[in-house]
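S.K.: I'd like to ask you about the structure that follows.
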Amino acid sequence: MPTAIDYDAKIPNNVGLADDRRLQRALEGWQPKFLGWWGEMGPALENHGVYLRTAVSVGRDGWAHFGHVNVPDYRWGIFLAEPTPDRRIAFGEHQGEPVWQQIPGEYRADLQRLIVIQGDTEPASVEQQRLLGLTAPSLYDLRNLFQVNVEEGRHLWAMVYLLHAYFGREGREEAEALLYRNSGSPDSPRILGAFNEETADWLAFYMFTYFTDRDGKYQLGSLKESAFDPLSRTCTFMLKEEAHHMMVGTTGVDRVVTRSAQLVREHDTLDIAACGGIPLDIIQKYINFHYTVSLDLFGSETSTNAANYYTAGLKGRWQEERRSDDHQLTEDGVLLNKPVQDGGWSEEEVPALLALNLDLRDEYIADCQTGVKRWNRILDEHGIDFRLALPHPAFNRQVGLAAGHRVTPDGTIVDEETWEASRRHWLPTAEDLAFVRSLMQPVYERGKIASWVAPPVNGINGKPFDYEYVRLV
Ligand code: BYC
């Protein structure tokens with residue numbers, strides 16, 4: 001039987017909070033701080049209710065309820081997926097042992113670090129998207145923005161619960177700091193680079209939910225393998241919510257590409273800016289930017305941190321249990337392509353255990369390709385030759401082997417001068433950003449949509465596109 005969520009409690013939960021008064025009090029002390037942060041840093045648009053889904057159960061079927069909610073009254077709660085009976089550690093030196101319900105002392109610092117990094121991204125994305133509600137292309141999109149934001153807020157709760165429940169005073173201090181750091185703040189920025197970038201327009205939002213939320217899918221997928229069972233169960237449930245965020249990204253970019261393709265056909269030119277559409281080369285530049293800052297989120301290709309996490313059982317590989325190797329990786333090697341100073345590439349064998357960030361990144365890249373394929377299919381269906389593509393993974397990197405090298409989207413290592421001369425063809429320029437921003441005029445009439453994006457093929461929860469997804473003030 002799936003565990004029902006206690007909605008009468010001040011903090012909805014399925015972790016038996018009422019039985020642990022000390023923890024309950026600590027989290028109830030954090031709750032008003034969270035609400036204060038939400039008021040200050042959450043979505044800027046006032047409204048009388050948004051058609052949102054709220055988790056009501058963690059079981060396989062019917063886990064969410066849909067209805068109009070006044071957003072500050074959203075019930076953010078703590079939900080863990082059902083435990084797997086007799087779950088065993090799937091990898092590393094503790095393989096085959098029962099999973100942990102408490103944290104072994106020697107792994108406390110590493111686990112805390114992983115949970116803090118994960119927790120830091122969740123409120124960061126809400127902050128990055130704070131102003132988007134003022135320029136939504138439709139009520140449907142506005143509703144999706146709120147849905148993504150409230151669930152990222154809930155994912156923050158998920159990490160804060162772990163910090164409070166398992167990491168004592170240090171955990172409580174880290175939970176405070178998650179509200180103190182802010183995206184883009186010069187004094188106390190968010191931890192990872194991509195979460196300090198602006199999400200200044202809706203194309204950037206779709207790209208973020210396609211590329212950056214997808215990093216979230218892979219990072220959560222590898223933390224779900226963790227020997228620390230409460231972390232594993234938290235991530236399993238978060239992944240359920242995350243799927244919708246990526247749907248917003250995938251179909252969002254679909255809809256921009258569709259609209260641009262229609263305008264190219266209609267006006268028989270790729271230069272559709274004057275017709276109120278986003279030119280395909282600007283879409284390509286957005287892909288180049290958002291994909292590469294998301295690649296940075298995987299860390300360096302070789303990482304002793306990642307090797308240690310794996311050996312200890314803290315963070316596994318994507319779909320660890322489906323892999324047919326020994327789940328120890330002490331004997332295996334992988335080939336790594338490295339840029340070298342003379343402008344070429346060298347191939348080197350490195351221990352597989354050191355290359356786990358690369359392993360996860362490769363899974364992610366393969367997944368990202370599926371989006372590009374569907375966007376190109378849309379262009380094909382409109383009889384347009386232009387093709388979108390993922391740039392080379394060494395292009396525009398700030399983290400890892402390629403950081404410090406200038407690499408073109410096709411993987412050629414070039415000098416600084418060549419790179420600077422062509423950069424405007426590869427990454428959004430200030431003019432591109434200003435142009436896209438100029439298109440961002442809010443459309444808040446039911447059933448209407450901005451000119452630069454096609455309407456969605458399906459509404460939310462079987463509702464039509466012209467449904468009143470958001471009741472505006
Ligand atoms: N920016 O050994 P390395 C999501 C640091 S998104 C700044 O290669 P490691 C979401 C690194 O900390 C998913 N610094 O790193 C999406 C280390 O510092 P120290 C978020 C960086 O540890 C959308 C040093 O460089 N979750 O959920 O193997 C909306 C050496 O690096 C960066 C996670 O990331 C960077 N990009 O890998 C909402 C999961 N990269 O120790 C939410 C938890 C590296 O030398 N985190 N550094 O001081 C991890 O698994 C790992 O910490 C990382 C880094 C994959 C992030």
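S.K.: Please compute the length gained on full extension between residue 468 and residue 48, using 0.36 nm multiplied by the number of residues separating them and subtracting their Cα-Cα distance.
M.R.: Extra length available between residue 468 and residue 48 comes to 150.1 nm.
S.K.: With unit charges on the beta carbons (Lys and Arg positive, Asp and Glu negative) and the dipole taken about the Cα centre of the stretch 301-401, which residue among 372, 352, 393 sits farthest to the positive side?
M.R.: Final value for the positive-end residue is 372.
S.K.: Another question, then. For the stretch 431-473 and the stretch 214-275, what is the centre-to-centre distance using only Cα atoms, to the nearest Å?
M.R.: Spelled out, the Cα-based centre of one part sits 17 Å from the other.
S.K.: Rounded, prolate or oblate: which fits the stretch 278-416 when a ≥ b ≥ c are the square roots of the eigenvalues of the alpha-carbon gyration tensor, with rounded for a/c under 1.5 and prolate only if a/b beats b/c?
M.R.: Numbers: a/c = 2.49, a/b = 1.51, b/c = 1.65.
Judged from the Cα gyration tensor, the stretch 278-416 comes out oblate (a/c at least 1.5, b/c at or above a/b).
S.K.: Please identify every one of the trypsin sites (Lys or Arg not before Pro) in the stretch 373-431 that sits in a loop by DSSP and has no more than 12 other beta carbons within 10 Å of its own beta carbon. Present the calculation step by step, with values, prior to reporting the outcome.
M.R.: Working: sites: 373, 374, 377, 387, 397, 406, 423, 424; in loops: 387, 397.
Passing sites in the stretch 373-431 are 387.
S.K.: Ok, one more. Return the FRET efficiency for the residue pair residue 64, residue 9: r is the Cβ-Cβ distance, R0 is 22 Å, and the value is rounded to the nearest 0.05.
M.R.: Values: r = 19 Å, r/R0 = 0.85.
With R0 = 22 Å, the Cβ-Cβ based efficiency is 0.75.
S.K.: In terms of the Cα gyration tensor, with a ≥ b ≥ c the square roots of its eigenvalues, is the stretch 164-227 rounded because a/c is under 1.5, prolate because a/b exceeds b/c, or oblate? Present the calculation step by step, with values, prior to reporting the outcome.
M.R.: Details: a/c = 3.30, a/b = 1.28, b/c = 2.57.
Cα axes put the stretch 164-227 in the oblate bin.
S.K.: For the cross-link pairs 224/448; 10/315; 285/338; 33/217, which exceed 29 Å when the distance is taken from alpha carbon to alpha carbon? Numbers along the way, then the final one.
M.R.: Values: 224/448 40 Å; 10/315 32 Å; 285/338 25 Å; 33/217 27 Å.
The answer is 224/448; 10/315.
S.K.: Additional query: How large is the dipole of the stretch 72-174 about the Cα centre if only Lys and Arg carry +1 and Asp and Glu carry -1, each at its Cβ, rounded to the nearest 20 debye? It would help to have the intermediate numbers written out before the result.
M.R.: On the way: 10 positive and 16 negative charges, 46 e Å.
Dipole of the stretch 72-174, to the nearest 20 debye: 220 debye.
S.K.: What does the charge count near residue 339 come to, summing +1 for each Lys or Arg and -1 for each Asp or Glu among other residues with Cβ under 13 Å from its Cβ?
M.R.: On the way: positive: 338, 397, 406; negative: 301, 342, 347, 348, 415.
Charge balance near residue 339 sits at -2.
S.K.: For the pair residue 445 and residue 191, how long in nm is the line joining their label points, each one 7 Å along Cα→Cβ?
M.R.: According to this spin-label approximation, the distance is 4.7 nm.
S.K.: Please arrange 6, 19, 254, 141 by counting, for each residue, the other beta carbons lying within 10 Å of its beta carbon, fewest first.
M.R.: Values: 6 15, 19 8, 254 21, 141 28.
Fewest-to-most Cβ neighbours within 10 Å comes out as 19, 6, 254, 141.
S.K.: Which shape class, rounded, prolate or oblate, goes with the chain when its Cα gyration tensor gives a ≥ b ≥ c as root eigenvalues, a/c under 1.5 marks rounded, and past that a/b bigger than b/c marks prolate?
M.R.: Numbers: a/c = 1.83, a/b = 1.13, b/c = 1.62.
Judged from the Cα gyration tensor, the chain comes out oblate (a/c at least 1.5, b/c at or above a/b).
S.K.: Residues in the stretch 298-321, backbone N under 18 Å from the label point at residue 109 (7 Å along the Cα-to-beta-carbon vector): list them, ranges by number please.
M.R.: Only 304-315 fall inside the zone, counting backbone N under 18 Å.
S.K.: Of 447, 421, 457, which is farthest along the charge dipole of the stretch 416-461 in the positive direction, counting Lys and Arg as +1 and Asp and Glu as -1 at C-beta?
M.R.: 447
S.K.: For the residues 88, 53, 322, what sequence is obtained by ranking on other C-beta atoms within 10 Å, fewest first?
M.R.: On the way: 88 13, 53 18, 322 7.
Exposure proxy ranking, most exposed first: 322, 88, 53.
S.K.: Taking the number of other C-beta atoms within 10 Å as the exposure measure, put 465, 395, 208 in order starting with the fewest.
M.R.: Values: 465 18, 395 23, 208 27.
In increasing order of surrounding Cβ atoms, one gets 465, 395, 208.
S.K.: Still on this structure, I have one more. Just going by the charge dipole of the stretch 201-343, with Lys and Arg at +1 and Asp and Glu at -1 on Cβ, which of 290, 302, 203 is farthest out on the positive end?
M.R.: 203
S.K.: Hey, got the dipole for the stretch 396-450? About the Cα centre, +1 on K and R Cβ, -1 on D and E Cβ, debye to the nearest 20? Numbers along the way, then the final one.
M.R.: Working: 7 positive and 8 negative charges, 83 e Å.
The dipole of the stretch 396-450 has a size of about 400 debye.
S.K.: Would you work out the relative contact order for the chain, in percent, from Cα pairs under 8 angstrom that are 6 or more residues apart? Kindly include the intermediate steps, with their values, before the conclusion.
M.R.: Working: 778 pairs, mean separation 90.9, N = 473.
RCO, the chain: 19 percent.
S.K.: Can you give the relative contact order of the stretch 346-434 as a percent, counting alpha carbon pairs under 8 Å and 6+ residues apart? All intermediate terms of the calculation are to be shown ahead of the outcome.
M.R.: Details: 50 pairs, mean separation 12.1, N = 89.
Contact order relative to length: 14 percent.
S.K.: Still on this structure, I have one more. Quickly estimate the mean residue ellipticity at 222 nm for the chain, helices only: each DSSP H run with n ≥ 4 gives -39500 (n - 2.57), and the total goes over all residues, rounded to 500.
M.R.: Values: 12 runs with 211 residues, N = 473.
It comes out at -15000 deg cm²/dmol, rounded to the nearest 500.
S.K.: Which whole-number percent gives the relative contact order of the stretch 1-160, counting Cα pairs below 8 Å spaced six or more residues apart?
M.R.: Result for the stretch 1-160 is 27 percent.
S.K.: How big is the dipole moment of the stretch 321-421 about its Cα centre under a simple scheme where the beta carbon of each Lys and Arg is +1, that of each Asp and Glu is -1, and everything else is neutral? Debye, nearest 20, please.
M.R.: Working: 10 positive and 21 negative charges, 96 e Å.
The dipole magnitude comes to about 460 debye.
S.K.: Also, quick follow-up: Could you check the simple spin-label distance between residue 377 and residue 414, using points 7 Å along Cα→Cβ, in nm with one decimal?
M.R.: Between residue 377 and residue 414, the label points sit 3.3 nm apart.
Here, each number is a calculation from the coordinates, and none is a lab measurement. Given the structure is predicted, the values throughout are model-derived calculations rather than measurements. No Cβ is skipped: glycine too gets one built from the backbone with ideal geometry, and neighbour counts run over all protein chains shown.
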